[in-house]
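One structure is given here, and the rest of the page talks about it.
The values are calculated or read from the model by the stated rules, or taken from the named source; none is laboratory data. Keep in mind that this is a model prediction, so the values were computed, not measured. We place every Cβ from the backbone using ideal geometry, glycine too, and count neighbours over all the protein chains shown.
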Amino acid sequence: MNPGAPKIVPKPKALNCPSCGSAIELRAMGAAAAVVCSYCSVTLDATNPQLVILQRFQAQMTVQPLIPLGSRGKLFGAVWEVIGFQQRGIDVEGTNYFWREYVLFNPYKGFRYISEYDNHWSFVTPIPSLPVPGVNNYNRPTMTFDGVIYDHFQTAQAYTWFVIGEFPWQVKVGEIVTAADYVAAPKMLSSETTENEVNWSRGEYIDGKEIWAAFQLPGAPPPAVGVYSIQPAPVEVQKGRPWKLFFIFAALLFGMMTFFSMRALDETVMEQTYTFQPLATGEKSFVTKPFQLKGNSANLRVEVMGQLDNSWAFFGMALINEDTGQAYDFGRQISSYHGVDEGESWSEDDKLDAAILPSIPGGKYYLRIEPETEPVPAGASPLAVKPITYTVRLIRDVPFYFRYFLGMFLLLLPLPFMGRKRGNFEQTRWTESDYGVPPNSIAWQANSASGDDDE
Amino acid sequence: MSQPTAICPNCGAPIRFRWSSAIQTTCEYCKSILVRHDVNLTKVGQVADLPPDISPIQIGTEGMYRNTAFQVIGRIIYSHDIGAWNEWHLLFSNGSNGWLSDAQAEYAVSFLSQPDSPLPGPSEVYRGFQYTQQGVGLVVTALTEANYEGVEGELPFQYWDKSRCPFADLRSQDGRFATIDYTETPPLLFLGEFVEFESLQLKFLKEFEGWTA
């Protein structure tokens, strides 16, 4: 049935470093091209059973990997063993920036990498396809891969400073490649180019905690420093997120508004028309008939409506609880003016005024009203003074919209601040790029335009 | 599937062909490289010890590519700077043959392809060279000077006395892959695509101590 019965490939035997004699463990089943002795840092040809020395070097630096060689962990759906580690660096105007790379191996799936810079981590997968180059609206280079557009971040000469363990290529300290990074947070597209070869890979930002959990490392990952090129923006300012939150809360408010307005009693408790004679002497105030306010506690809308003729009327009012004597004092005013000016007739009416008394407990109440109007001028004809007719209407438990609109407005307030926070985050992300500013920044276009002028 | 067996002219062991069109095979017992002339087999060489085996694939491994079943019936082993890689010779259930290359667990399936236009010569090709085959835009991404390390099993041609093997690897923007093999004159073009290990649904793989597929 099975022509080639499965053979079990044994674990590679430990070998001794031909330089210092220390035990060298080969983990990659022979798939690696080079192995660097952890003790004396000599680089050996892992494809040769005799472990021929490829490079001896005086260690310029020693870097301890945070994930020890030989650690195994499950990440992105497969088990990986850490078999190699290197520190690389770029020189930007005299300043060295270092990052570290861990080589991961699985005998069936091949090689992956974990990259770490300033304690920001990413999981890197080689990609066999070539991304499609382009430029964005601001004339900055892009690469498109798998439908995602990546913005050029940086191109630099990457120098290998320190290596230990096994590598799928003949790694050497001092090796120089041209490394270009394109970002679409949380992903990065990177190319490494030498004279004879170009290799592309795609990295994905990963929380250090996930790595610590996957490889069961003790303690916690060291805190990340600054903003990394493919670090996702803080969740609260991610693209569309503030608006999403706004719409969620606005919908909630709208729902509350609908619910409470449907539940509102909105019941006219009393509607009564009165007449006030400005010429009358004596006590002007009077009390209405008592009325019942239902429910435990709800608002009460008090409306005063009336028709006046070039006059105003003020109504001092008190809502008084018959049982407890508790009084709610307030006043409302109506007015109506009209005339003719330079042949144009005009009018200014305020025929209705209303007050909403909040949280009035249920019970038996009456209203005390004290009307007041323009004093009658001395010597005026009593016939010219018209009585004022007005209607007082009490509505129990009216739906109340204003607070919801206020709520919507308050919800809008943080949006500009979040937009600015997002902008600042993007600004910081792109500070270390070749451009210093985000890919959609007009500032760079202006610079490049002036740069063109210089030529 | 089972083909008439022949006898190894070197050691007399039975030689079983899985593929009637095989030109060359190796004797499992004495490691002689045998070339078929009609019904007779001639020993043309001897396989030296193969380099340490790193691939999970072996002769007899079965899998699927684009809904067609295949069996691995032979291989050529190369080495270069970054270690060894295998070109596994595939026999498909429809009778066609192709290649599965396994370079450090980066897998690609390819087929011999008649070039649409003359291929660049070995001295004309460079990294970044562009070539169009069957409407696919390909770019040379790597130039490799490989060493022939050995053969195993059935092959569609005689292949046993190579040493220096220059190759150009080409890639496209949509996952296609091509190799120009400069060991022949005129050079050969293999066109195919990169494949995910899982997508091949491989059976009868080698096992690695301490790992599960």
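Reported count of residues in the range B:4-27, each being aliphatic (A, V, I, L, M) and within 14 Å of another protein chain (Cβ to nearest Cβ), is 1. For the range A:112-135, the set of residues classified as within 14 Å of chain B (Cβ to nearest Cβ) and farther than 16 Å from residue A:67 by Cα consists of A:125, A:126, A:127, A:128, A:129, A:130, A:131, A:132, A:133, A:134, listed by residue number.
Among the residues of the range A:201-224, those that are more than 14 Å from chain B (Cβ to nearest Cβ) and assigned to a strand (DSSP E or B) comprise A:203, A:204, A:205, A:206. Quick test of your reading of the structure: residue A:111 fulfils all but one of (1) aromatic (Phe, Trp, Tyr); (2) in a loop (DSSP other than H, G, I, E, B); (3) within 30 Å of residue B:207 (Cα to Cα). Name the failing condition by number. Result: residue A:111 passes all but (2). Consider residue A:198 carefully, then state whether it is touching a Lys or Arg at 6+ places or on another chain (Cβ under 8 Å), within 14 Å of chain B (Cβ to nearest Cβ) and assigned to a strand (DSSP E or B). Considered against the rule, which asks whether it is touching a Lys or Arg at 6+ places or on another chain (Cβ under 8 Å), within 14 Å of chain B (Cβ to nearest Cβ) and assigned to a strand (DSSP E or B), residue A:198 comes out as yes.
Looking only at residues of the range B:58-90 that are in contact with a Lys or Arg (Cβ under 8 Å, 6 or more places away or on another chain) and of a type outside the set (A, V, I, L, M, F, W, C), we find that the one that is nearest to the other protein chains (Cβ to nearest Cβ) is B:58.
Just to be sure before I move on: is residue A:51 in contact with a Pro (Cβ under 6 Å, 6 or more places away or on another chain), within 13 Å of chain B (Cβ to nearest Cβ) and either under 18 Å from residue A:215 (Cα atoms) or outside any strand (DSSP E or B) (or both) in the structure I sent? Yes: the conditions hold for residue A:51. Scoring residue B:165 on the criteria (1) buried (at least 18 other Cβ atoms within 10 Å of the Cβ); (2) of a type outside the set (A, V, I, L, M); (3) at the interface with chain A (Cβ under 9 Å from one of its Cβ atoms) leaves a single failure, condition (3). Taken over the range B:134-168, the criterion of being farther than 26 Å from residue B:32 by Cα, part of a loop (DSSP other than H, G, I, E, B) and in contact with a Ser or Thr (Cβ under 9 Å, 6 or more places away or on another chain) is satisfied by B:134 alone. Residues of the range B:61-103 that are part of a loop (DSSP other than H, G, I, E, B) and basic (Lys, Arg): B:66 alone. For the range B:63-110, what are the residues that are surrounded by fewer than 20 Cβ atoms within 10 Å (Cβ to Cβ), among the charged types (D, E, K, R) and within 23 Å of residue B:175 (Cα to Cα)? Of everything in the range B:63-110, those that are surrounded by fewer than 20 Cβ atoms within 10 Å (Cβ to Cβ), among the charged types (D, E, K, R) and within 23 Å of residue B:175 (Cα to Cα) turn out to be B:66, B:106. Tallying residues that are among the charged types (D, E, K, R), closer than 30 Å to residue A:246 by Cα and in contact (Cβ under 8 Å) with a residue 24 or more places away in the chain within the range A:360-412 yields 1.
Test residue A:210 against the stated conditions and say whether it is surrounded by 13 or more Cβ atoms within 10 Å (Cβ to Cβ), among the charged types (D, E, K, R) and at pLDDT 90 or above. Here the answer is yes, as residue A:210 does meet what is asked. Selection of the range A:60-100 for residues being on the phi > 0 side of the Ramachandran plot and either β-branched (Val, Ile, Thr) or exposed (fewer than 12 other Cβ atoms within 10 Å of the Cβ) (or both) yields A:70, A:77, A:93, A:94.
Of the residues A:18, A:68, the single one that is at pLDDT below 90, over 22 Å from residue B:206 (Cα atoms), away from every other protein chain (no Cβ under 13 Å) and in a loop (DSSP other than H, G, I, E, B) is A:18.
Applying the set (1) within 14 Å of chain B (Cβ to nearest Cβ); (2) hydroxyl-bearing (Ser, Thr, Tyr); (3) touching a helix residue (DSSP H, G or I) at 6+ places or on another chain (Cβ under 8 Å) to residue A:138 leaves exactly one unmet item: (1). There is at least one residue in the range A:277-287 that is surrounded by 12 or more Cβ atoms within 10 Å (Cβ to Cβ), in contact with a Ser or Thr (Cβ under 9 Å, 6 or more places away or on another chain) and farther than 17 Å from residue A:356 by Cα. Each residue in the range B:170-204 was checked for being facing another protein chain (nearest Cβ under 7 Å) and farther than 20 Å from residue A:197 by Cβ, and 3 of them qualify. Would you check if there is a residue in the range A:381-401 being touching a Lys or Arg at 6+ places or on another chain (Cβ under 9 Å), part of a helix (DSSP H, G or I) and modelled with pLDDT of 80 or more? No.
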